[in-house]
1. Among the listed pairs K85/K152; K152/K263; K152/K268; K43/K85, give every one whose C-alpha distance is greater than 28 Å.
2. Provide, in order from the shortest bin, the percent of all Cα-Cα pairs of region 170-270 in each 5 Å bin, continuing until the bin that contains the maximum pair distance.
3. For the chain, set up a GNM with springs between Cα atoms under 10 Å and report which of L23, L215, L59 has the largest fluctuation.
4. Taking the Cα centre of region 88-267 as the origin, how large is its charge dipole in debye, to the nearest 20, when only Lys and Arg (+1) and Asp and Glu (-1) carry charge on their Cβ atoms?
5. Where the centre of each part is set by its Cα atoms, how far does region 204-219 sit from region 13-38, in angstrom?
6. Over region 88-267, what is the mean sequence separation of C-alpha contacts under 8 Å (at least six apart), divided by residue count, expressed as relative contact order in percent?
7. For region 120-169, take N as its residue count and report Rg(C-alpha) divided by 2.2 N^0.38 Å.
8. Check which residues have an amide H placed less than 5 Å from L206's amide H, if you skip close sequence neighbours.
Amino acid sequence: MHTIRIAIEVLFSSGAGRNAESLAIFGEFRRLLNRGEIRAAEKINGTWQVNAWVKQGILLGFRIGELAASGETDATTGSLSFVDKDTYPARHFTVADRVRVVPGGSSVREGAYVAPSVVCMPPMYINVGAYVDEGTMVDSHALVGSCAQVGKRVHLSAAAQVGGVLEPINASPVIIEDDVLVGGNCGIYEGTLVQSRAVLGSGVILTRSTPVYDLVRGEVLRATATAPLTIPEGAVVVPGSRPVQKGKGLEWGLSLYTPVIVKYRDEKTEKSVELEDLLR
């Protein structure tokens, strides 16, 4: 791993263009991404750390790639055609990969790791640099953005959006830890960290500028200059609102959206998510 890291860092910093050497090095780099042997961020001694050199390698792929057509539109097979950088074609899975890709227009880009037993419901999309771990379901119209890290047994419900954070290269991507349930139409953006076993109710939006009101612990959670917005382990978050306290907003009786932690996972919550296992 040390050798490929040095090679990527040298190519990225030197501004190297497309040639046989850069394509060969990038090809090996992409293969390691596909296998999950390298990733944009990983948990080390309990703390998530960004691997900036991996992001450099992904950006290098865009630099040296050229537009190319791939796939064919076929009324019989239902396959789609694409025009994209030839360094990032659509991935093709086999039975040996043990990834369930249900027919219907889904796409996974090369350079994304999708673990065995992941279920992909149509149409969904997983972008380059993403890491999707075992037992996770990516439901219809869900998006896993570039470099997003999704743990084991996560359910990304229909139309959930997990934003990508590719640049700046040292910025933490969106991270969703193990056993998280993300409800329909949720949006998780700008490096937000959702810790294990949390439940996000339908329609919850999380960004760096979003304060989260924890009614259980009496705290207001915010991102800082050095840390992302973090949803605590086992928190159950639902959409809420808070009144505007001054100016025309107060005069007109307006309220602003805010996520609210209403409880932490209990036996009742566990029973409500047991059906997720039946879908895998």
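Bear in mind these aren't lab numbers, they're just calculated from the coordinates by the rules spelled out. As the structure is a prediction and not an experimental result, all values here were calculated from the model. Neighbour counts run over all protein chains shown; Cβ positions are idealised from the backbone, glycine included.
1. The answer is K85/K152; K43/K85.
2. 3, 13, 22, 25, 17, 10, 6, 3, 1
3. With Cα springs under 10 Å in the chain, the top fluctuation among L23, L215, L59 is at L215.
4. 320 debye
5. For region 204-219 versus region 13-38, the Cα centre distance is 40 Å.
6. About 12 percent, as a whole number.
7. So region 120-169 has a normalised radius of gyration of 1.05.
8. Amide H neighbours of L206, under 5 Å, 5+ apart: G187, I188, Y189.
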